[in-house]
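Student: The following block contains the structure, expressed as structure tokens.
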Amino acid sequence: MSGMSQAGQGFSRFPRLSQLALPRLALPLCAVLLAVAPLVLSPFRLGLLAKYLCFAIVAVGIAVAWGRGGMLVLGQGVFFGLGGYAVGMHLKLAEAGPGGLPDFMVWSGVEELPALWAPFANPVFALAAVVLLPGAVAFCLGLLVFRRRVRGAHFAILSQALAAAFVLLLVGRQGVTGGTNGLTNFSSFFGLDLTAQAGQRAVYWITAAALVVVILVARWVVRGPFGRLLVAVRDNEDRVRFLGYDPALVKTLVFTGSAVVAGIGGALFVPVVGIISPALLGVVPSLELLVGVAVGGRFSLAGAVLGAIAVNYAKTAFSEDFAEGWLYLQGGLFVLVLVLAPRGLAGLVERGRERWAARRSEAPVRRGAGVAG
């Protein structure tokens, strides 16, 4: 354990930001803002905020995997989609009733429920699949990739290719997955009426609570011994291996955790927005998730959350007037942040705080020197 602690301390290049610690008042302030939002926002705006919170949940996992572990994950749309489709399949079966078929299957000429769908009629199975399905895929992929010491750009390209292949699979199975349209027209969510404002508000509270829980769990993980070990793996795998730890297993566990978090975000996205389709899961959506984390600061949980919310809000605001140019603007923003502010907005705030503290510490010294003179 002492070796692990020394490794984490010796290899960390970001002594304060690498803690991924929320500022002392950030979480309480965030909770207060989330609690006040339903009182000041219209139902439409509250629904948009809930949508942004779903992406913020995914951003927490990316911040841990990328900021703490150095893994540039470009395929989170896959795990987001697995969680979303798991819940969406259950909701479509619940609406169809016993022995019924989802509406898109009827339109596609499907006469019998596919065997893949049958287990999702059970709500317990569907909820378990939200966590276990993305986790199992990520764990198997992680062991396969990290055991072969694939890292850096090669890992990023591989995860991106996985997202593209997943989209092609969904689009090509119209009668099973809904094809390009995906799963739509959800009217209820485990007893909540999604067509009523009370149901929509309840879904918002569930999403907000899930975000707070994910942040707390992530902070607990990265502040403990495992978090220091992950920093050591990021900075020097060979030395960690020499100390007797398995870097491949450490990275696989973190990659799996980020996938589970993405699945939870995707599962909540379904009742919030009312749709889950391949267009939301491909390469571009995965990059958009990464841009939000980069802008906010991948070394800070609070920064990643705020960045995800801010970038998606900007997408909503600007895409109406710059529908064709928004993607170029978003890409330029990503490059600009990585070049000029690699730690994101949270890094700029931290740098300003350090300079302010340095000036305050120098002031008494100067006053003392003046008195002595």
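Student: Report every pair of residues separated by at least 6 positions or lying on different chains whose Cβ atoms are under 8 Å apart, first residue within region 147-158 and of a type in the set (Val, Ile, Thr), second surrounded by 13 or more Cβ atoms within 10 Å (Cβ to Cβ) and not in a helix (DSSP H, G or I).
Tutor: Every condition considered, the pairs that remain are ILE157/LEU74.
Student: Those residues that are of a type outside the set (A, V, I, L, M, F, W, C), open to solvent by less than 40 Å² (accessible area, probe 1.4 Å), touching a residue at least 60 places away in the same chain (Cβ under 8 Å) and over 16 Å from LEU281 (Cα atoms), I need them from region 62-105; list them, please.
Tutor: Here is the first cut: in region 62-105, the ones of a type outside the set (A, V, I, L, M, F, W, C) are 67-70, 75-77, 81, 83-85, 88, 90, 92, 95, 97-100, 102-103.
Subsequent filtering for residues that are open to solvent by less than 40 Å² (accessible area, probe 1.4 Å) retains 67-69, 75-77, 81, 83-85, 88, 90, 92, 97, 100, 102.
Subsequent filtering for residues that are touching a residue at least 60 places away in the same chain (Cβ under 8 Å) retains 67-69, 75-77, 81, 83-85, 88, 92, 102.
Correct list: GLY67, ARG68, GLY69, LYS92, PRO102.
Student: While we're on this one: Inspect all residues belonging to region 250-260 and state whether any of them is of a type in the set (Lys, Arg) and over 25 Å from LEU289 (Cα atoms).
Tutor: Scanning region 250-260, I find no residue that is of a type in the set (Lys, Arg) and over 25 Å from LEU289 (Cα atoms), so the answer is no.
Student: Quick check on region 142-150. Is at least one of its residues open to solvent by less than 20 Å² (accessible area, probe 1.4 Å), more than 19 Å from THR252 (Cα to Cα) and at pLDDT 85 or above?
Tutor: So far as region 142-150 goes, no, none of its residues is open to solvent by less than 20 Å² (accessible area, probe 1.4 Å), more than 19 Å from THR252 (Cα to Cα) and at pLDDT 85 or above.
Student: So which residues in region 288-310 are within 11 Å of GLY67 (Cβ to Cβ) and more than 11 Å from the chain's Cα centre (by Cα), if there are any at all?
Tutor: ALA294, GLY296, GLY297, ARG298, PHE299, SER300, GLY303
Student: Filter region 195-237 for residues that are buried (at least 20 other Cβ atoms within 10 Å of the Cβ), among the small types (Gly, Ala, Ser) and farther than 14 Å from LEU53 by Cα; which is modelled with the highest pLDDT?
Tutor: ALA218
Student: Tally the residues that are touching a Phe, Trp or Tyr at 6+ places or on another chain (Cβ under 7 Å) and within 17 Å of LEU143 (Cβ to Cβ), restricting the search to region 232-270.
Tutor: Selection size over region 232-270: 5.
Student: What residue, among those in region 147-196 that are aliphatic (A, V, I, L, M) and over 23 Å from the mean Cα position of the chain (by Cα), is farthest from GLY84 (Cα to Cα)?
Tutor: The residue in question is ALA196.
Student: Related question: Hey, among the residues in region 106-140 that are out of contact with any Leu (no Cβ under 9 Å at 6 or more places or on another chain) and part of a loop (DSSP other than H, G, I, E, B), which one's least open to solvent (accessible area, probe 1.4 Å)?
Tutor: PRO114
Student: Please identify the pairs in which a residue from region 193-220 that is farther than 15 Å from VAL273 by Cα has its Cβ atom under 7 Å from the Cβ atom of a residue that is open to solvent by 80 Å² or more (accessible area, probe 1.4 Å) and in a helix (DSSP H, G or I), counting only partners at least 6 apart or on another chain.
Tutor: none
Student: Continuing with the same structure: Among all residue pairs at least 6 apart or on different chains, which show Cβ distances below 8 Å where the first residue, located in region 265-282, is open to solvent by 20 Å² or more (accessible area, probe 1.4 Å) and the second is among the charged types (D, E, K, R)?
Tutor: VAL272/LYS51; VAL273/LYS51
Student: Another question, then. Take the residues in region 313-343 that are β-branched (Val, Ile, Thr) and under 10 Å from ALA294 (Cα atoms); name whichever of them is modelled with the highest pLDDT.
Tutor: VAL335
Student: Would you confirm whether any residue within region 238-258 is outside any helix (DSSP H, G or I), without any contact (Cβ under 8 Å) to a residue 12 or more places away in the chain, aliphatic (A, V, I, L, M) and surrounded by fewer than 20 Cβ atoms within 10 Å (Cβ to Cβ)? Spell out how you get there, then give the answer.
Tutor: Step one: list which residues in region 238-258 are outside any helix (DSSP H, G or I), which gives 243-246.
Retained after the next criterion (residues that are without any contact (Cβ under 8 Å) to a residue 12 or more places away in the chain): 246.
Retained after the next criterion (residues that are aliphatic (A, V, I, L, M)): none.
Checked against the condition, which is being outside any helix (DSSP H, G or I), without any contact (Cβ under 8 Å) to a residue 12 or more places away in the chain, aliphatic (A, V, I, L, M) and surrounded by fewer than 20 Cβ atoms within 10 Å (Cβ to Cβ), region 238-258 yields no hits at all.
The values are calculated or read from the model by the stated rules, or taken from the named source; none is laboratory data. Remember, it's a predicted structure, so these values are computed and weren't measured experimentally. Every residue, glycine as well, gets a Cβ built from its backbone with ideal geometry; the counts of neighbours run over all protein chains shown. Ligands, DNA and RNA are stripped out before the accessible areas are found, and what is left, the full protein with its side chains, is counted by its heavy atoms. Shrake-Rupley method; radii C 1.70, N 1.55, O 1.52, S 1.80 Å.
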